[in-house]
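S.K.: Before I ask anything, let me first share the structure, which is written out below as structure tokens.
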Amino acid sequence: MGILLAVLVPLDWLNSHLLRIGRWIGIVAVALMVVAILIQVVARYVFNNALPWPDEAARFCMLWMTGLMAPTAFRRGGFVAIDMLTVALPRMLGNLLSLALLLISLAVLVVAVQIGYGEVTGFGGKFATASLYVPGNLTLSEWFRVPRSWMMMSLLVGVTLLILVNIELILRNLISTLGGAERLPVIPDADMAGAD
């Protein structure tokens, strides 16, 4: 159990810090998404001239927000789960069932990383977005279209963070199953704004 705790403690620290940064970036992404949608609403309904870029900008922000916030929800047990069977079973069997489900989740996430990497580096990642531009230099004299791979990178980053959290949850489950639940570091249960 000492070896498991020795691996868990630094992983717990790493996840806590990475997820805190991800939550703050996710909050900014949500704010930017709302601004983009409001700009589109004003342009469309006040000026009767829909802009081409706000929809794509909002989608870009939504993807990044999801990729950066989902690992925190997973770590804190915020995903929808049917845990009647786990709760009804004796503690040891419930822990073993949870461990099996976490291992299946890890296998799915490993496949998702491969898909995400393929989307970022493969043929589809070579294209640019239709209408989302960013400045190409500090003088704003050149602009270029955002590559689609920047959008798809949210999948790769999000799934990689989910794998780190999944491994932490597997270690926590193993330690708890071996009777060391009281020695586990506490997962912060602060607000989603990153106050942990």
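The values are calculated or read from the model by the stated rules, or taken from the named source; none is laboratory data. All values reported here derive from a predicted model rather than from experimental measurement. Don't worry about glycine lacking a Cβ; one is built from the backbone with ideal geometry, like all the others, and counts go over all protein chains shown. Each accessible area value is taken on the protein alone, full model and side chains, heavy atoms only, with ligands, DNA and RNA left out. Shrake-Rupley method; radii C 1.70, N 1.55, O 1.52, S 1.80 Å.
S.K.: Using 0.36 nm per residue, how much length does the chain from residue 123 to residue 93 gain when fully extended, once their Cα-Cα distance is taken away?
M.R.: Additional length available on full extension: 6.2 nm.
S.K.: Report, by chain and number, residues whose modeled amide H sits under 5 Å from the one on residue 180, excluding near sequence neighbours (fewer than 5 apart, same chain).
M.R.: none
S.K.: Still on this model: Across the range 93-104, in residue order, what do the Karplus-derived ³J(HN,Hα) couplings come to in whole Hz, using 6.51 cos²θ - 1.76 cosθ + 1.60 with θ = phi - 60° and x for Gly and Pro?
M.R.: 5, x, 5, 5, 5, 4, 4, 4, 5, 5, 5, 5
S.K.: Skip the ligands, DNA and RNA, and give the accessible area per residue of the chain with a 1.4 Å probe, whole Å².
M.R.: Heavy-atom accessible area per residue stands at 59 Å².
S.K.: What does the extension gain come out to for residue 50 and residue 73, with contour length at 0.36 nm per residue minus their alpha carbon separation?
M.R.: 4.8 nm
S.K.: Taking 0.36 nm per residue of sequence separation and subtracting the Cα-Cα distance, how much length would be gained by fully extending the chain between residue 3 and residue 86, in nm to one decimal?
M.R.: 27.2 nm
S.K.: Hey, another quick one. How far is helix 2-45 tilted, in degrees, relative to the longest principal axis of the Cα atoms in the chain, given as a value from 0 to 90 rounded to the nearest 10?
M.R.: 30
S.K.: Would you mind checking which residues have amide H under 5 Å from residue 146's amide H? H placed 1.01 Å from N; only 5 or more apart, or other chain.
M.R.: Amide H neighbours of residue 146: 129, 132, 133, 134.
S.K.: So, one more: At 0.890 mPa s and 25 °C, plugging the Kirkwood radius over alpha-carbon pairs of the range 1-109 into Stokes-Einstein gives what diffusion coefficient in µm²/s?
M.R.: It diffuses with D of about 142 µm²/s by this estimate.
S.K.: Please list 3J(HN,Hα) in residue order for the range 170-182, calculated via the Karplus relation 6.51 cos²θ - 1.76 cosθ + 1.60 where θ = phi - 60°; whole Hz, with x for glycine and proline.
M.R.: 5, 4, 4, 5, 4, 5, 5, 5, 7, x, x, 4, 6
S.K.: Give the carbon-plus-sulfur fraction of the accessible surface of the chain in %, rounded to a whole number; probe 1.4 Å, heavy atoms of protein chains only.
M.R.: 74
S.K.: Next up: With Rg and the Kirkwood Rh both taken from Cα atoms, where does Rg over Rh land for the range 1-55?
M.R.: Across the range 1-55, the Cα-based Rg/Rh ratio is 1.46.
S.K.: Taking all pairs of different Cα atoms in the range 49-96, averaging 1/r and flipping that mean, what Kirkwood radius in angstroms comes out?
M.R.: It works out to 14.0 Å.
S.K.: Additional query: So if we plug the beta-carbon distance of residue 111 and residue 43 into 1/(1 + (r/R0)^6) with R0 = 30 Å, what FRET efficiency do we get, rounded to 0.05?
M.R.: After rounding, the FRET efficiency stands at 0.15.
S.K.: Using helices alone, what [θ] at 222 nm do you get for the chain, with -39,500 (n - 2.57) per DSSP H run of 4 or more residues, divided over all residues and rounded to the nearest 500?
M.R.: -24000 deg cm²/dmol
S.K.: At a Förster distance of 41 Å, what's the computed FRET efficiency of residue 181 paired with residue 28, Cβ-Cβ distance as r, to 0.05?
M.R.: 0.70
S.K.: At a 10 angstrom cut-off on C-beta neighbours, averaged per residue, how do the peptides 169-181, 53-65 rank from highest to lowest?
M.R.: In decreasing order of mean packing, 169-181, 53-65 become 53-65, 169-181.
S.K.: Could you order the peptides 69-75, 25-31 from most to least packed, using the average number of other C-beta atoms within 10 Å per residue?
M.R.: Per-residue mean Cβ counts within 10 Å order the peptides as 69-75, 25-31.
S.K.: Relative to the compact globular guide of 2.2 N^0.38 Å, what is the alpha carbon radius of gyration of the chain, as a ratio?
M.R.: Ratio of Rg to 2.2 N^0.38 Å for the chain: 1.27.
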